[in-house]
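Here the structure is laid out as structure tokens; the discussion comes afterwards.
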Amino acid sequence: MALLRLHLHLHLPRPPLPARPHCAPPSPLSTSPWLWRSRLPAAASSRRLLCSTHPASPLDASTAAPPSIVAGLLDYLNESWTHFHATAEAKRQLLDAGFKLLSESDDWDLQPGGRYFFTRNMSCLVAFAIGEKVGNGFNIIAAHTDSPCLKLKPRSATFKSGHQMVNVQTYGSGLWHTWFDRDLTLAGRVILKAADGSFKHKLVKLTRPLIRVPTLAIHLNRTVNSDGFKPNLETHLVPLLATKHEEATVTNSDDKSSSSAKAAHHPLLLQILSEEIGCESDEIIGMELNVCDTQPSCLGGGNNEFIYSGRLDNLASCYCALRSLIDSSKAAEQLSSEKAIRMVAMFDNEEVGSDSMQGAGAPTMFQAMRRIIDSVMHQSMGEGALERAIHSSFLVSADMAHALHPNYPDKHEECHRPELQKGLVIKHNANQRYATSAVTAFLFKEIARIHNLPVQEFVVRNDMGCGSTIGPILASGVGIRTVDCGIPQLSMHSIREMCGKEDVDTTYRHFKAFFEMFSDIDRKLNVDF
């Protein structure tokens, strides 16, 4: 969760997936074959990294509960090493589900009952399903695709004491000590120059361990356990790529831009990237790469009840929102009596304040709402169609929540201690760091009450600072009723986080019920009369 809050300026059962290759078989030492996920070998880097080998839970006839989506979440996490890959995988799933891809540059010809989506910068995505009897505004779930990480600097090549090192910059407020002594690699996007002079963007993921940030041996830092580990993020947090004598030879080129790229990055790194992509090093003219942990997302714990993964904040929310939209609108009859537009918005750059073209601080969602109204409802609704639709709309701001840490119970307010496996957390803050109000909390909890879903509530201690989300940004910018909520988790902003798998399924059911029944519940409450 980002600490900054910025304002908008508005003047302007699991769906079937295509057949995929399976993971390597589990270690013979594993007593439960489906507990552990095996890493793909380097030779399989071009294949999809798929690590959920057990099926979704069967339907429980006694409770009529839908199948578990945990296996699908693990697959999504293992595909989504970066915000670009998270958006690309969401795009793939929407296309497989029959959603139509739109371009923000083209005219939109939208129809009631239609399902559509668009991407921005391949790191932001907005998807929506239009009810057949549309006229009641928008029911929206919003989340973010980015997570704290290390990113390559524009000039990443550096040498230290005979070693090839990779210069990085910190993104967001990460627990940076957790990035030391991990098997790290690189993923993101590159810009390629084709032979015909055109340019294209391509995603890349190097699946093998490529770089590492080693800690200093305790023999050379005897006081580290008593004084604490306090690395200098500029000089100590520099990944090691190779020893200097293994550096690849620079290929001569008359292209100044290619020569500049080679001067900016180690030729060895460019060689590895070009081999992975299937191009020549000279074709790489730009890159935006994140440092990533190679350890796959998996289930763990004594009862196999936890999800261990990077980027749970906030890809777990993204996936729950995405699946709830797909599953609540995959059949025509599911939209036949719907009067609202069901929408999911996945933004970038939340961890650094949302102030970007692809962040929640941009008018992306508002512009989409206006274009949908203009295309589908403008003539039928008459004067003030957009403003009336916004007044009838509701936003669920979904971002992970702080679960009670059993070793630090004093960090939570005594009466507001969300726990793992106890349900979705509704976040409150009197100073509007969260956008929840009594009205929005009631409406969201009413859905849970009807479906017998557990709900928890969180308020930060008065003697501690409170983070924020995209909720207040969108609530104040668009003027939309908003509730802030999240799945409880531990180790937030670590390279390796954890949450409860039951909370994932509870959140999915809550979100799906929100899409399916909120319009009916909302009609029963009148506040401004």
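The values are calculated or read from the model by the stated rules, or taken from the named source; none is laboratory data. Here the structure is a predicted model, which is why all the values come from computation and not from measurement. Cβ coordinates were reconstructed from backbone atoms using ideal geometry, including for glycine residues, and neighbour counts include every protein chain displayed. Ligands, DNA and RNA are excluded from the accessible area calculation, which covers all protein heavy atoms including side chains. Shrake-Rupley method; radii C 1.70, N 1.55, O 1.52, S 1.80 Å.
From SER297, SER397, SER317, grab the single residue that is small (Gly, Ala, Ser), in contact with a helix residue (DSSP H, G or I) (Cβ under 6 Å, 6 or more places away or on another chain), closer than 30 Å to PHE180 by Cα and crowded, with 24+ Cβ neighbours inside 10 Å. Spell out the reasoning first.
Details: SER397 fails: closer than 30 Å to PHE180 by Cα; SER317 fails: in contact with a helix residue (DSSP H, G or I) (Cβ under 6 Å, 6 or more places away or on another chain).
Going through SER297, SER397, SER317 in turn, just one is small (Gly, Ala, Ser), in contact with a helix residue (DSSP H, G or I) (Cβ under 6 Å, 6 or more places away or on another chain), closer than 30 Å to PHE180 by Cα and crowded, with 24+ Cβ neighbours inside 10 Å: SER297.
Go through the residues of the range 453-472 one by one and say whether even a single one is under 22 Å from SER329 (Cβ atoms) and open to solvent by 10 Å² or more (accessible area, probe 1.4 Å).
Looking only at the range 453-472, we keep the residues that are under 22 Å from SER329 (Cβ atoms), and these are 453.
Next, only the ones that are open to solvent by 10 Å² or more (accessible area, probe 1.4 Å) stay: 453.
Looking through the range 453-472, at least one residue is under 22 Å from SER329 (Cβ atoms) and open to solvent by 10 Å² or more (accessible area, probe 1.4 Å).
Anything in the range 227-274 that is among the hydroxyl-bearing types (Ser, Thr, Tyr), modelled with pLDDT under 95 and part of a helix (DSSP H, G or I)? List them, or say none.
SER257, SER258, SER259, SER260
Quick test of your reading of the structure: TYR308 fulfils all but one of (1) touching a strand residue (DSSP E or B) at 6+ places or on another chain (Cβ under 6 Å); (2) crowded, with 24+ Cβ neighbours inside 10 Å. Name the failing condition by number.
Unmet condition: (2).
Could you tell me whether the range 172-182 includes any residue that is buried (at least 19 other Cβ atoms within 10 Å of the Cβ), in a strand (DSSP E or B) and modelled with pLDDT of 95 or more?
Checked the range 172-182: no residue is buried (at least 19 other Cβ atoms within 10 Å of the Cβ), in a strand (DSSP E or B) and modelled with pLDDT of 95 or more.
For GLN421, only one of the following conditions fails: (1) crowded, with 20+ Cβ neighbours inside 10 Å; (2) within 22 Å of the chain's Cα centre (by Cα). What is its number?
Condition not satisfied by GLN421: (1).
Within the bounds of the range 285-295, is there any residue that is assigned to a loop (DSSP other than H, G, I, E, B) and at pLDDT 95 or above?
The first filter runs over the range 285-295 and keeps only residues assigned to a loop (DSSP other than H, G, I, E, B), leaving 294-295.
Now drop any that are not at pLDDT 95 or above, which leaves 294-295.
For the range 285-295, residues assigned to a loop (DSSP other than H, G, I, E, B) and at pLDDT 95 or above: present.
Find all pairs meeting these conditions: Cβ atoms under 8 angstrom apart; at least six residues apart or on different chains; first residue within the range 116-143 and on the phi > 0 side of the Ramachandran plot and surrounded by fewer than 24 Cβ atoms within 10 Å (Cβ to Cβ); second residue modelled with pLDDT under 95 and in a strand (DSSP E or B).
Partner pairs satisfying both residue conditions: MET122/HIS201.
When you go through (1) open to solvent by 70 Å² or more (accessible area, probe 1.4 Å); (2) of a type in the set (Val, Ile, Thr); (3) modelled with pLDDT of 95 or more one by one for ILE211, which number turns out not to apply?
Evaluating ILE211 over (1) open to solvent by 70 Å² or more (accessible area, probe 1.4 Å); (2) of a type in the set (Val, Ile, Thr); (3) modelled with pLDDT of 95 or more leaves (1) as the failure.
Which residues, taken from the range 327-339, are part of a loop (DSSP other than H, G, I, E, B) and in contact with a Lys or Arg (Cβ under 9 Å, 6 or more places away or on another chain)?
Just the residues of the range 327-339 that are part of a loop (DSSP other than H, G, I, E, B), to begin with: 328-331, 335-339.
Residues satisfying the conditions are SER328, SER329, LYS330, LEU335, SER336, SER337, GLU338, LYS339.
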